[in-house]
Amino acid sequence: MLKSAWDQPGATEVAQATPAAPGRWRAAIWQWLAPLLLLAALVGLWELLVRVFQTPRWLLPPPSAIGHALAANSALLARHALVTTQEVAAGFAVALATGVGLALAIAYWRVAARAVYPLVIASQTIPIIAIAPLLLVWVGYDLRPKVIVVALISFFPIVVNMADGLRAVDPEMVNMLRSLGASRWQVFRKVQVPGSLPYLFSGIKIAAAASVIGAVIGEWVGASAGLGYLMVQAAPRFQTSLVFAAVLVLSALGIALFLLVAGAERLALRWHHSAKRAKALDLNP
Amino acid sequence: MASEPVLQLTAVAKAYASGQGELRVLQDVSLAVRRGELVSLIGPSGCGKSTVLNVIAGLEEPTSGSVALSTDGTTSSDGQRLGRVAYMPQKDLLLPWRTVLGNAVLGLEVQGVGLKLARQRAEALLDTFGLSGFAQEYPHNLSGGMRQRVAFLRTILADKPLVLLDEPFGALDALTRAEMQAWLLDLWAGVGRTGVLVTHDVEEALLLSHRVYVLSARPARVRQVVEVPLPWPRSRRMAATTEFAALKASILDVLWDQAGVLHA
(Lines give C-alpha, C1' and ligand atoms only; values in the text may rest on other atoms or scores of the structure.)
Protein backbone atom coordinates (compact mmCIF):
# COMPACT_ATOMS: atom_id res chain seq x y z
CA MET A 1 0.00 0.00 0.00
CA LEU A 2 1.60 3.23 1.14
CA LYS A 3 4.36 1.27 2.74
CA SER A 4 7.46 2.64 1.07
CA ALA A 5 6.43 6.22 1.75
CA TRP A 6 6.18 5.42 5.44
CA ASP A 7 9.32 3.38 5.81
CA GLN A 8 11.76 6.04 4.75
CA PRO A 9 11.57 8.67 7.52
CA GLY A 10 11.29 6.08 10.29
CA ALA A 11 14.23 4.10 8.97
CA THR A 12 16.64 7.02 9.10
CA GLU A 13 15.53 7.88 12.62
CA VAL A 14 16.23 4.40 13.89
CA ALA A 15 19.59 4.34 12.20
CA GLN A 16 20.62 7.38 14.21
CA ALA A 17 19.94 5.54 17.45
CA THR A 18 23.20 3.57 17.15
CA PRO A 19 26.16 5.92 17.00
CA ALA A 20 29.49 4.87 15.53
CA ALA A 21 30.96 2.03 17.60
CA PRO A 22 34.55 3.30 18.14
CA GLY A 23 33.33 6.63 19.51
CA ARG A 24 31.05 4.85 21.92
CA TRP A 25 33.85 2.61 23.21
CA ARG A 26 36.12 5.54 23.76
CA ALA A 27 33.40 7.34 25.68
CA ALA A 28 32.76 4.26 27.81
CA ILE A 29 36.44 3.77 28.66
CA TRP A 30 36.85 7.44 29.49
CA GLN A 31 33.79 7.31 31.69
CA TRP A 32 35.47 4.67 33.87
CA LEU A 33 38.98 6.02 33.59
CA ALA A 34 38.34 9.65 34.54
CA PRO A 35 37.18 9.07 38.14
CA LEU A 36 39.85 6.37 38.66
CA LEU A 37 42.61 8.74 37.53
CA LEU A 38 41.34 11.47 39.84
CA LEU A 39 41.17 9.00 42.72
CA ALA A 40 44.72 7.81 42.05
CA ALA A 41 45.96 11.40 42.00
CA LEU A 42 44.28 12.21 45.31
CA VAL A 43 45.63 9.06 46.96
CA GLY A 44 49.11 9.88 45.66
CA LEU A 45 48.87 13.40 47.05
CA TRP A 46 47.75 12.03 50.42
CA GLU A 47 50.73 9.62 50.55
CA LEU A 48 53.09 12.42 49.60
CA LEU A 49 51.80 14.94 52.15
CA VAL A 50 51.76 12.44 55.01
CA ARG A 51 55.39 11.51 54.27
CA VAL A 52 56.58 15.07 53.78
CA PHE A 53 55.02 16.35 57.00
CA GLN A 54 55.80 13.12 58.87
CA THR A 55 52.28 12.90 60.27
CA PRO A 56 52.06 10.26 63.02
CA ARG A 57 50.32 7.05 61.89
CA TRP A 58 47.72 7.07 64.67
CA LEU A 59 46.59 10.49 63.46
CA LEU A 60 46.53 9.93 59.71
CA PRO A 61 48.10 6.84 58.19
CA PRO A 62 49.36 7.00 54.59
CA PRO A 63 47.39 4.99 51.99
CA SER A 64 50.22 2.45 51.85
CA ALA A 65 49.77 1.70 55.58
CA ILE A 66 46.02 1.32 55.08
CA GLY A 67 46.71 -1.10 52.24
CA HIS A 68 49.04 -3.01 54.53
CA ALA A 69 46.39 -3.12 57.30
CA LEU A 70 43.85 -4.31 54.78
CA ALA A 71 46.07 -7.21 53.70
CA ALA A 72 47.27 -8.14 57.20
CA ASN A 73 43.75 -8.20 58.67
CA SER A 74 41.91 -9.64 55.69
CA ALA A 75 40.49 -12.63 57.61
CA LEU A 76 39.34 -10.41 60.47
CA LEU A 77 37.79 -7.88 58.10
CA ALA A 78 36.09 -10.60 56.09
CA ARG A 79 34.55 -12.11 59.23
CA HIS A 80 33.12 -8.77 60.35
CA ALA A 81 32.11 -7.80 56.84
CA LEU A 82 30.01 -10.96 56.61
CA VAL A 83 28.06 -9.92 59.72
CA THR A 84 27.44 -6.41 58.37
CA THR A 85 26.43 -7.83 54.99
CA GLN A 86 23.86 -10.06 56.65
CA GLU A 87 22.42 -7.07 58.52
CA VAL A 88 22.27 -4.99 55.37
CA ALA A 89 20.71 -7.78 53.30
CA ALA A 90 18.05 -8.61 55.90
CA GLY A 91 17.25 -4.95 56.61
CA PHE A 92 17.12 -4.17 52.92
CA ALA A 93 14.71 -7.05 52.26
CA VAL A 94 12.45 -5.87 55.09
CA ALA A 95 12.58 -2.30 53.73
CA LEU A 96 11.70 -3.48 50.22
CA ALA A 97 8.74 -5.55 51.37
CA THR A 98 7.27 -2.94 53.73
CA GLY A 99 8.13 -0.11 51.35
CA VAL A 100 6.35 -1.63 48.36
CA GLY A 101 3.43 -2.73 50.55
CA LEU A 102 2.98 0.74 52.02
CA ALA A 103 3.30 2.35 48.59
CA LEU A 104 0.52 0.12 47.22
CA ALA A 105 -1.68 1.01 50.19
CA ILE A 106 -1.00 4.72 49.76
CA ALA A 107 -1.66 4.64 46.02
CA TYR A 108 -4.88 2.63 46.05
CA TRP A 109 -6.47 3.27 49.41
CA ARG A 110 -7.47 6.83 50.12
CA VAL A 111 -7.62 6.28 53.88
CA ALA A 112 -4.05 5.00 53.88
CA ALA A 113 -2.88 7.92 51.79
CA ARG A 114 -4.41 10.33 54.32
CA ALA A 115 -3.35 8.46 57.46
CA VAL A 116 -0.11 6.66 56.61
CA TYR A 117 1.69 9.02 54.25
CA PRO A 118 2.15 11.89 56.76
CA LEU A 119 3.41 9.42 59.34
CA VAL A 120 5.88 7.93 56.86
CA ILE A 121 7.29 11.40 56.26
CA ALA A 122 7.26 12.24 59.99
CA SER A 123 9.18 9.03 60.69
CA GLN A 124 12.14 10.48 58.79
CA THR A 125 12.39 13.48 61.11
CA ILE A 126 13.21 11.16 64.03
CA PRO A 127 16.99 10.85 64.27
CA ILE A 128 17.68 7.15 63.86
CA ILE A 129 20.80 7.44 65.99
CA ALA A 130 18.58 8.54 68.90
CA ILE A 131 16.30 5.52 68.81
CA ALA A 132 19.00 2.97 68.01
CA PRO A 133 19.94 2.55 71.71
CA LEU A 134 16.25 2.09 72.56
CA LEU A 135 15.98 -0.69 69.97
CA LEU A 136 18.84 -2.38 71.79
CA VAL A 137 16.86 -2.24 75.05
CA TRP A 138 13.67 -3.44 73.37
CA VAL A 139 14.74 -6.25 71.10
CA GLY A 140 18.14 -7.29 72.35
CA TYR A 141 21.78 -7.28 71.50
CA ASP A 142 21.79 -9.54 68.46
CA LEU A 143 21.25 -8.98 64.72
CA ARG A 144 17.67 -7.73 65.03
CA PRO A 145 18.17 -4.11 66.21
CA LYS A 146 20.64 -3.57 63.31
CA VAL A 147 18.20 -5.03 60.81
CA ILE A 148 15.52 -2.69 62.12
CA VAL A 149 17.79 0.36 61.83
CA VAL A 150 18.72 -0.57 58.25
CA ALA A 151 15.05 -1.06 57.38
CA LEU A 152 14.01 2.22 59.04
CA ILE A 153 16.62 4.16 57.11
CA SER A 154 16.02 2.57 53.70
CA PHE A 155 12.26 2.02 53.52
CA PHE A 156 11.51 5.72 53.14
CA PRO A 157 12.91 6.37 49.63
CA ILE A 158 11.27 3.14 48.46
CA VAL A 159 7.81 4.11 49.72
CA VAL A 160 7.93 7.67 48.46
CA ASN A 161 9.27 6.83 45.00
CA MET A 162 7.03 3.82 44.44
CA ALA A 163 3.91 5.68 45.58
CA ASP A 164 4.78 8.58 43.29
CA GLY A 165 5.32 6.15 40.42
CA LEU A 166 1.98 4.42 40.93
CA ARG A 167 0.19 7.75 41.03
CA ALA A 168 2.04 9.14 38.01
CA VAL A 169 0.30 6.74 35.63
CA ASP A 170 -1.68 8.63 32.98
CA PRO A 171 -5.40 8.27 33.83
CA GLU A 172 -6.15 8.30 30.09
CA MET A 173 -4.02 5.20 29.72
CA VAL A 174 -6.13 3.52 32.39
CA ASN A 175 -9.32 4.62 30.59
CA MET A 176 -8.03 3.31 27.28
CA LEU A 177 -7.36 -0.09 28.81
CA ARG A 178 -10.70 -0.16 30.61
CA SER A 179 -12.52 0.65 27.39
CA LEU A 180 -10.81 -2.37 25.83
CA GLY A 181 -12.46 -4.40 28.57
CA ALA A 182 -9.51 -4.74 30.97
CA SER A 183 -10.22 -5.62 34.59
CA ARG A 184 -8.77 -3.57 37.44
CA TRP A 185 -6.21 -6.30 38.01
CA GLN A 186 -5.19 -6.22 34.33
CA VAL A 187 -4.83 -2.44 34.45
CA PHE A 188 -2.69 -2.79 37.56
CA ARG A 189 -0.49 -5.50 36.09
CA LYS A 190 -0.12 -4.18 32.57
CA VAL A 191 0.11 -0.42 33.19
CA GLN A 192 0.60 0.55 36.78
CA VAL A 193 3.28 -1.93 37.80
CA PRO A 194 5.56 -1.51 34.77
CA GLY A 195 4.99 2.26 34.80
CA SER A 196 6.12 2.57 38.39
CA LEU A 197 9.23 0.36 38.09
CA PRO A 198 11.64 3.18 37.11
CA TYR A 199 10.49 5.10 40.19
CA LEU A 200 10.87 2.01 42.36
CA PHE A 201 14.42 1.44 41.16
CA SER A 202 15.35 5.08 41.86
CA GLY A 203 14.12 4.55 45.41
CA ILE A 204 15.98 1.25 45.78
CA LYS A 205 19.24 2.83 44.61
CA ILE A 206 19.01 5.56 47.25
CA ALA A 207 18.03 2.94 49.82
CA ALA A 208 21.01 0.77 48.88
CA ALA A 209 23.45 3.54 49.66
CA ALA A 210 21.68 4.42 52.90
CA SER A 211 21.36 0.85 54.16
CA VAL A 212 25.09 0.43 54.81
CA ILE A 213 25.05 3.59 56.93
CA GLY A 214 22.15 2.11 58.89
CA ALA A 215 24.05 -1.07 59.66
CA VAL A 216 27.10 0.85 60.92
CA ILE A 217 24.95 3.06 63.17
CA GLY A 218 23.30 -0.04 64.58
CA GLU A 219 26.67 -1.59 65.31
CA TRP A 220 28.14 1.55 66.89
CA VAL A 221 25.37 1.63 69.46
CA GLY A 222 26.01 -1.88 70.61
CA ALA A 223 27.29 -4.98 68.91
CA SER A 224 29.73 -7.82 69.27
CA ALA A 225 30.61 -8.14 65.59
CA GLY A 226 30.47 -6.25 62.30
CA LEU A 227 32.60 -3.60 60.63
CA GLY A 228 31.06 -0.80 62.72
CA TYR A 229 31.92 -2.73 65.86
CA LEU A 230 35.45 -3.27 64.56
CA MET A 231 35.89 0.48 64.02
CA VAL A 232 34.62 1.30 67.50
CA GLN A 233 37.12 -1.22 68.91
CA ALA A 234 40.08 -0.07 66.83
CA ALA A 235 39.77 3.72 67.14
CA PRO A 236 40.42 4.10 70.89
CA ARG A 237 43.46 1.82 70.48
CA PHE A 238 44.83 4.19 67.87
CA GLN A 239 44.69 1.44 65.22
CA THR A 240 43.78 4.13 62.75
CA SER A 241 44.95 2.13 59.72
CA LEU A 242 42.50 -0.62 60.64
CA VAL A 243 39.67 1.93 60.99
CA PHE A 244 40.44 3.17 57.50
CA ALA A 245 40.61 -0.38 56.19
CA ALA A 246 37.16 -1.06 57.65
CA VAL A 247 35.83 2.13 56.04
CA LEU A 248 37.22 0.95 52.70
CA VAL A 249 35.48 -2.41 53.02
CA LEU A 250 32.23 -0.69 54.02
CA SER A 251 32.46 1.58 51.03
CA ALA A 252 33.11 -1.40 48.77
CA LEU A 253 30.05 -3.09 50.27
CA GLY A 254 27.91 -0.04 49.51
CA ILE A 255 29.22 0.19 45.95
CA ALA A 256 28.66 -3.53 45.37
CA LEU A 257 25.07 -3.25 46.56
CA PHE A 258 24.46 -0.22 44.38
CA LEU A 259 25.91 -1.94 41.31
CA LEU A 260 23.79 -5.00 42.00
CA VAL A 261 20.65 -2.85 42.03
CA ALA A 262 21.76 -0.88 38.97
CA GLY A 263 22.39 -4.16 37.12
CA ALA A 264 18.96 -5.49 38.03
CA GLU A 265 17.48 -2.20 36.86
CA ARG A 266 19.25 -2.47 33.55
CA LEU A 267 17.85 -5.95 33.00
CA ALA A 268 14.33 -5.08 34.10
CA LEU A 269 14.06 -1.71 32.36
CA ARG A 270 15.75 -2.17 29.00
CA TRP A 271 13.09 0.04 27.38
CA HIS A 272 13.76 2.81 29.89
CA HIS A 273 17.48 2.95 29.18
CA SER A 274 16.92 2.83 25.47
CA ALA A 275 14.46 5.75 25.88
CA LYS A 276 17.02 7.73 27.86
CA ARG A 277 19.62 7.09 25.18
CA ALA A 278 17.18 8.21 22.49
CA LYS A 279 16.54 11.38 24.45
CA ALA A 280 20.26 12.01 24.89
CA LEU A 281 20.69 11.73 21.12
CA ASP A 282 17.80 14.14 20.64
CA LEU A 283 15.71 11.67 18.68
CA ASN A 284 12.45 12.76 20.22
CA PRO A 285 12.66 16.38 21.28
CA MET B 1 -27.29 -1.08 2.74
CA ALA B 2 -29.61 0.59 5.23
CA SER B 3 -29.56 -1.79 8.17
CA GLU B 4 -30.46 -1.33 11.81
CA PRO B 5 -28.11 1.04 13.63
CA VAL B 6 -25.12 -0.39 15.46
CA LEU B 7 -25.18 2.58 17.77
CA GLN B 8 -28.14 4.69 18.74
CA LEU B 9 -27.95 7.64 21.11
CA THR B 10 -31.32 9.06 22.08
CA ALA B 11 -31.54 12.45 23.80
CA VAL B 12 -28.35 11.84 25.77
CA ALA B 13 -27.61 14.42 28.45
CA LYS B 14 -24.67 14.53 30.83
CA ALA B 15 -24.09 16.84 33.76
CA TYR B 16 -21.37 16.87 36.41
CA ALA B 17 -21.67 18.16 39.92
CA SER B 18 -19.41 21.16 40.25
CA GLY B 19 -18.82 23.78 42.93
CA GLN B 20 -22.28 25.09 43.75
CA GLY B 21 -24.42 23.86 40.91
CA GLU B 22 -23.93 21.42 38.11
CA LEU B 23 -21.95 21.62 34.92
CA ARG B 24 -24.07 20.61 31.97
CA VAL B 25 -21.84 19.20 29.25
CA LEU B 26 -24.31 17.41 26.97
CA GLN B 27 -27.85 18.67 26.67
CA ASP B 28 -29.48 16.71 23.88
CA VAL B 29 -27.40 14.46 21.69
CA SER B 30 -29.14 11.97 19.42
CA LEU B 31 -27.32 10.13 16.70
CA ALA B 32 -27.29 6.83 14.89
CA VAL B 33 -24.50 4.90 13.24
CA ARG B 34 -25.29 2.03 10.90
CA ARG B 35 -23.06 -0.89 10.09
CA GLY B 36 -20.11 0.08 7.92
CA GLU B 37 -20.62 3.79 8.42
CA LEU B 38 -18.09 6.29 9.65
CA VAL B 39 -19.81 9.22 11.30
CA SER B 40 -18.15 12.45 12.37
CA LEU B 41 -18.84 14.69 15.32
CA ILE B 42 -17.71 18.25 14.89
CA GLY B 43 -18.15 21.21 17.16
CA PRO B 44 -16.46 24.16 18.84
CA SER B 45 -13.59 23.18 21.12
CA GLY B 46 -14.63 22.26 24.63
CA CYS B 47 -18.18 21.45 23.53
CA GLY B 48 -18.13 17.96 24.98
CA LYS B 49 -17.22 15.88 21.96
CA SER B 50 -14.90 13.69 24.00
CA THR B 51 -17.62 13.25 26.62
CA VAL B 52 -19.87 11.80 23.91
CA LEU B 53 -17.18 9.21 23.15
CA ASN B 54 -16.65 8.45 26.85
CA VAL B 55 -20.39 7.84 27.18
CA ILE B 56 -20.47 5.61 24.09
CA ALA B 57 -17.46 3.64 25.34
CA GLY B 58 -19.18 3.10 28.67
CA LEU B 59 -16.50 4.93 30.65
CA GLU B 60 -19.30 7.26 31.78
CA GLU B 61 -23.06 6.86 31.96
CA PRO B 62 -25.46 9.54 30.70
CA THR B 63 -27.47 11.55 33.22
CA SER B 64 -30.54 11.03 31.07
CA GLY B 65 -31.31 9.61 27.66
CA SER B 66 -30.20 6.23 26.38
CA VAL B 67 -27.32 4.59 24.56
CA ALA B 68 -28.00 1.39 22.68
CA LEU B 69 -25.14 -0.60 21.24
CA SER B 70 -26.32 -3.48 19.06
CA THR B 71 -23.66 -5.93 18.19
CA ASP B 72 -23.99 -9.56 17.21
CA GLY B 73 -27.73 -9.46 17.81
CA THR B 74 -27.56 -8.31 21.41
CA THR B 75 -28.18 -4.81 22.63
CA SER B 76 -26.21 -3.53 25.57
CA SER B 77 -27.35 -0.47 27.41
CA ASP B 78 -26.14 1.04 30.68
CA GLY B 79 -23.20 -0.49 32.47
CA GLN B 80 -22.48 -3.10 29.82
CA ARG B 81 -20.62 -1.21 27.15
CA LEU B 82 -17.09 -1.36 28.58
CA GLY B 83 -15.04 -3.70 26.46
CA ARG B 84 -17.48 -3.64 23.55
CA VAL B 85 -16.06 -0.72 21.59
CA ALA B 86 -12.50 0.08 20.58
CA TYR B 87 -11.60 3.56 21.76
CA MET B 88 -8.68 5.42 20.25
CA PRO B 89 -7.99 8.53 22.33
CA GLN B 90 -6.36 11.70 21.11
CA LYS B 91 -2.98 10.78 22.54
CA ASP B 92 -1.46 7.58 21.18
CA LEU B 93 -1.06 6.29 24.77
CA LEU B 94 1.44 3.64 23.74
CA LEU B 95 3.04 1.80 26.63
CA PRO B 96 6.69 2.89 26.48
CA TRP B 97 7.93 -0.43 27.87
CA ARG B 98 6.29 -2.43 25.11
CA THR B 99 7.48 -2.79 21.55
CA VAL B 100 5.30 -1.97 18.56
CA LEU B 101 4.09 -5.57 18.51
CA GLY B 102 3.54 -5.63 22.27
CA ASN B 103 1.43 -2.49 22.09
CA ALA B 104 -0.54 -3.72 19.11
CA VAL B 105 -1.67 -6.92 20.82
CA LEU B 106 -2.82 -5.20 24.02
CA GLY B 107 -6.52 -5.36 23.16
CA LEU B 108 -6.41 -9.04 22.26
CA GLU B 109 -4.30 -9.82 25.32
CA VAL B 110 -6.84 -8.17 27.62
CA GLN B 111 -9.56 -10.32 26.06
CA GLY B 112 -7.58 -13.44 26.86
CA VAL B 113 -6.43 -14.29 23.34
CA GLY B 114 -3.24 -16.35 23.47
CA LEU B 115 -0.08 -14.33 23.01
CA LYS B 116 1.14 -16.39 20.08
CA LEU B 117 -2.10 -16.05 18.13
CA ALA B 118 -2.33 -12.35 18.99
CA ARG B 119 1.20 -11.76 17.71
CA GLN B 120 0.47 -13.60 14.49
CA ARG B 121 -2.59 -11.47 13.87
CA ALA B 122 -0.66 -8.28 14.58
CA GLU B 123 2.24 -9.30 12.37
CA ALA B 124 -0.16 -9.97 9.51
CA LEU B 125 -1.29 -6.35 9.65
CA LEU B 126 2.06 -4.61 10.18
CA ASP B 127 2.50 -4.06 6.47
CA THR B 128 -0.94 -2.50 6.00
CA PHE B 129 -0.19 -0.12 8.84
CA GLY B 130 3.18 0.88 7.39
CA LEU B 131 5.02 -0.69 10.30
CA SER B 132 6.79 -3.65 8.72
CA GLY B 133 10.32 -3.94 10.04
CA PHE B 134 9.42 -2.01 13.18
CA ALA B 135 7.78 -4.81 15.18
CA GLN B 136 10.54 -4.84 17.81
CA GLU B 137 11.05 -1.08 18.09
CA TYR B 138 10.07 0.80 21.21
CA PRO B 139 7.63 3.70 20.74
CA HIS B 140 10.22 6.38 21.54
CA ASN B 141 12.11 5.41 18.39
CA LEU B 142 9.12 6.16 16.16
CA SER B 143 7.87 9.35 14.55
CA GLY B 144 4.53 10.86 15.54
CA GLY B 145 2.75 9.46 12.48
CA MET B 146 4.09 5.97 13.11
CA ARG B 147 3.11 6.06 16.77
CA GLN B 148 -0.38 7.03 15.73
CA ARG B 149 -0.52 4.09 13.34
CA VAL B 150 0.54 1.73 16.13
CA ALA B 151 -2.33 3.12 18.23
CA PHE B 152 -4.60 2.53 15.23
CA LEU B 153 -3.39 -1.02 14.86
CA ARG B 154 -4.06 -1.62 18.56
CA THR B 155 -7.58 -0.21 18.11
CA ILE B 156 -8.42 -2.20 14.99
CA LEU B 157 -6.90 -5.43 16.37
CA ALA B 158 -9.06 -5.16 19.49
CA ASP B 159 -11.68 -6.56 17.15
CA LYS B 160 -14.67 -4.57 18.29
CA PRO B 161 -17.65 -3.89 16.02
CA LEU B 162 -17.52 -0.17 16.80
CA VAL B 163 -14.43 2.04 16.70
CA LEU B 164 -14.27 5.46 18.37
CA LEU B 165 -11.64 7.88 17.11
CA ASP B 166 -11.02 11.02 19.15
CA GLU B 167 -9.16 13.53 16.96
CA PRO B 168 -6.70 10.86 15.86
CA PHE B 169 -4.72 13.26 13.70
CA GLY B 170 -4.97 16.31 15.95
CA ALA B 171 -1.35 16.22 17.10
CA LEU B 172 0.20 15.68 13.66
CA ASP B 173 1.63 18.26 11.29
CA ALA B 174 -0.45 19.18 8.24
CA LEU B 175 1.41 17.00 5.74
CA THR B 176 1.49 13.86 7.90
CA ARG B 177 -2.13 14.51 8.68
CA ALA B 178 -3.13 14.56 5.01
CA GLU B 179 -1.15 11.35 4.42
CA MET B 180 -2.82 9.71 7.39
CA GLN B 181 -6.29 10.72 6.19
CA ALA B 182 -5.62 9.19 2.79
CA TRP B 183 -4.30 6.09 4.51
CA LEU B 184 -7.36 5.85 6.76
CA LEU B 185 -9.71 6.11 3.76
CA ASP B 186 -7.84 3.24 2.18
CA LEU B 187 -7.84 1.24 5.40
CA TRP B 188 -11.49 1.82 6.18
CA ALA B 189 -12.53 0.42 2.81
CA GLY B 190 -10.56 -2.72 3.65
CA VAL B 191 -11.52 -3.45 7.26
CA GLY B 192 -15.22 -2.61 6.93
CA ARG B 193 -15.63 -1.27 10.45
CA THR B 194 -18.24 1.02 11.92
CA GLY B 195 -16.88 4.14 13.51
CA VAL B 196 -17.40 7.48 15.18
CA LEU B 197 -14.79 10.15 14.51
CA VAL B 198 -14.44 13.28 16.61
CA THR B 199 -12.66 16.12 14.87
CA HIS B 200 -12.54 19.89 14.72
CA ASP B 201 -11.49 19.87 11.09
CA VAL B 202 -14.49 20.32 8.75
CA GLU B 203 -12.60 19.10 5.71
CA GLU B 204 -11.48 15.95 7.52
CA ALA B 205 -15.05 15.28 8.67
CA LEU B 206 -16.46 15.63 5.15
CA LEU B 207 -13.72 13.66 3.48
CA LEU B 208 -13.78 10.67 5.83
CA SER B 209 -17.38 10.21 6.86
CA HIS B 210 -20.84 9.28 5.64
CA ARG B 211 -22.56 11.76 7.90
CA VAL B 212 -21.49 14.76 9.97
CA TYR B 213 -23.15 15.79 13.22
CA VAL B 214 -22.51 19.43 14.03
CA LEU B 215 -22.67 20.07 17.76
CA SER B 216 -23.39 23.33 19.53
CA ALA B 217 -21.18 24.92 22.17
CA ARG B 218 -21.51 23.52 25.69
CA PRO B 219 -23.97 22.15 26.69
CA ALA B 220 -23.85 20.26 23.43
CA ARG B 221 -26.90 19.73 21.25
CA VAL B 222 -26.96 18.44 17.69
CA ARG B 223 -27.31 21.58 15.61
CA GLN B 224 -27.17 20.07 12.16
CA VAL B 225 -26.90 16.67 10.51
CA VAL B 226 -25.15 16.68 7.16
CA GLU B 227 -25.31 13.62 4.91
CA VAL B 228 -22.17 13.68 2.81
CA PRO B 229 -23.18 12.87 -0.77
CA LEU B 230 -19.64 12.36 -2.08
CA PRO B 231 -19.15 9.01 -3.83
CA TRP B 232 -16.94 6.23 -2.47
CA PRO B 233 -14.07 5.54 -2.72
CA ARG B 234 -13.19 9.03 -1.60
CA SER B 235 -10.05 10.87 -2.47
CA ARG B 236 -8.45 14.06 -1.33
CA ARG B 237 -9.06 15.59 -4.76
CA MET B 238 -12.78 15.76 -4.00
CA ALA B 239 -12.03 18.55 -1.57
CA ALA B 240 -11.51 20.82 -4.57
CA THR B 241 -15.05 20.45 -5.99
CA THR B 242 -17.70 23.17 -5.65
CA GLU B 243 -20.05 20.66 -4.07
CA PHE B 244 -17.50 20.05 -1.31
CA ALA B 245 -16.93 23.76 -0.84
CA ALA B 246 -20.65 24.37 -0.46
CA LEU B 247 -20.96 21.65 2.17
CA LYS B 248 -17.96 23.00 4.00
CA ALA B 249 -19.37 26.53 3.95
CA SER B 250 -22.73 25.40 5.34
CA ILE B 251 -21.07 23.59 8.24
CA LEU B 252 -18.72 26.48 8.93
CA ASP B 253 -21.73 28.81 8.99
CA VAL B 254 -23.26 26.80 11.80
CA LEU B 255 -19.96 26.56 13.67
CA TRP B 256 -19.16 30.26 13.30
CA ASP B 257 -22.65 31.16 14.34
CA GLN B 258 -21.95 29.24 17.55
CA ALA B 259 -18.65 30.89 18.17
CA GLY B 260 -20.04 34.32 17.41
CA VAL B 261 -17.63 34.85 14.54
CA LEU B 262 -18.85 37.75 12.43
CA HIS B 263 -19.89 36.90 8.90
CA ALA B 264 -18.18 38.93 6.25
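The values are calculated or read from the model by the stated rules, or taken from the named source; none is laboratory data. Note that the structure is a prediction, hence the values are computed from the model and not measured. Heads up, the Cβs are rebuilt from the backbone with ideal geometry, glycines too, and the neighbour counts pull from every protein chain shown. For accessibility, only protein heavy atoms count, side chains too; no ligands or nucleic acids. Shrake-Rupley method; radii C 1.70, N 1.55, O 1.52, S 1.80 Å.
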Item checked: Fluctuation leader among A:K190, A:K205, A:K146 - chain A, Gaussian network, Cα springs under 10 angstrom -> A:K190
Margin query: Interface size between chain B and chain A, please: total buried accessible area, 1.4 Å probe, rounded to the nearest 100 Å².
Written below: 3300
Item checked: Euclidean distance of C-alpha centroids, the stretch A:28-98 and the stretch B:40-61, integer Å -> 64
Note to self: Could you work out the relative contact order of chain A? I mean the mean sequence separation of Cα pairs under 8 Å and 6+ apart, divided by the number of residues, in percent.
What the structure shows: 25
Notebook entry, point to check: Any idea which of B:S235, B:V196, A:F188 is furthest toward the positive side of the dipole for the protein assembly as shown, if Lys and Arg beta-carbons carry +1 and Asp and Glu beta-carbons -1?
Noted result: A:F188
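State to the nearest 20 debye the size of the charge dipole of the protein assembly as shown about its Cα centre, where the only charges are +1 on K and R beta carbons and -1 on D and E beta carbons. Intermediate values should be presented prior to the final figure.
Numbers: 48 positive and 37 negative charges, 233 e Å.
For the protein assembly as shown, the charge dipole is close to 1120 debye.
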Next item on the list: Might you tell me the accessible area per residue for the protein assembly as shown, computed with a 1.4 Å probe and given in Å²?
Entry: 48
Next item on the list: Determine the dipole magnitude for chain B: charges of +1 sit on the beta-carbon of Lys and Arg, -1 on that of Asp and Glu, nothing else is charged, the reference point is the Cα centre, and the result goes in debye to the nearest 20.
Entry: 260
Check: Cα to Cα, under 12 Å, and not fewer than 8 places away if on the same chain: which aspartates and glutamates meet these conditions relative to A:K146?
Finding: A:E87, A:E219
Check: For the stretch B:17-163, what class follows from the C-alpha gyration tensor (a ≥ b ≥ c being the square roots of its eigenvalues): rounded when a/c is under 1.5, otherwise prolate if a/b is larger than b/c, else oblate?
Finding: prolate
Note to self: Can you compute 3J(HN,Hα) from phi for each residue in the stretch A:219-225, using the Karplus curve 6.51 cos²θ - 1.76 cosθ + 1.60 with θ = phi - 60°, rounded to whole Hz and x for Gly and Pro?
What the structure shows: 6, 4, 5, x, 7, 10, 7
Check: To the nearest 20 debye, what charge dipole does the stretch A:63-280 have about its Cα centre, counting +1 at the Cβ of each Lys and Arg and -1 at the Cβ of each Asp and Glu?
Finding: 660
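So what is the relative contact order of chain B, in percent, for Cα pairs below 8 Å that sit 6 or more residues apart?
It rounds to 25 percent for chain B.
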Next item on the list: Determine how many Å³ per residue the convex hull of the Cα atoms of chain B encloses.
Entry: 147
Item checked: Principal axis box of the stretch A:63-280, alpha-carbon based, largest edge first, Å -> 70, 43, 22
Margin query: My understanding is that a pair violates if its Cα-Cα distance is over 24 Å; which of A:K205/B:K91; B:K49/B:K248; B:K116/B:K160; B:K49/B:K160; B:K91/B:K248 do that in this structure?
Written below: A:K205/B:K91; B:K91/B:K248
Margin query: No solvent, one uniform scatterer per C-alpha: report log10 I(q)/I(0) for the protein assembly as shown via the Debye equation at q = 0.06, 0.07 1/Å, two decimals.
Written below: -0.47, -0.60
Notebook entry, point to check: Each label point is 7 Å from the Cα along the Cα-to-Cβ direction; what then is the distance between the points at B:A124 and B:M238, in nm?
Noted result: 2.9
Next item on the list: Quickly work out the A:R270-to-A:T55 label distance, labels modelled 7 Å from Cα along the C-beta direction, and quote it in nm with one decimal.
Entry: 4.9
Notebook entry, point to check: Can you work out ³J(HN,Hα) from phi for every residue in the stretch B:32-49, in order, using Karplus 6.51 cos²θ - 1.76 cosθ + 1.60 and θ = phi - 60°, giving whole Hz and x for Gly and Pro?
Noted result: 9, 10, 8, 3, x, 8, 10, 10, 10, 10, 10, x, x, 5, x, 8, x, 4
Next item on the list: Could you compute the FRET efficiency for B:A249 and A:D142, with r as their C-beta to C-beta distance and R0 at 51 Å, rounded to 0.05?
Entry: 0.05
Note to self: Using the Cα centre of chain B as origin and beta-carbon charges of +1 (Lys, Arg) and -1 (Asp, Glu), tell me which of B:A15, B:G36, B:T155 is placed farthest towards the positive end of the dipole.
What the structure shows: B:T155
Checklist line | At least 10 Å² accessible surface lost relative to isolated chain, residues of the stretch B:177-198 (1.4 Å probe) | finding: B:E179, B:W183, B:D186
Item checked: Simple label model, 7 Å out from Cα along Cβ direction - B:L175 to B:E22, nm -> 5.0
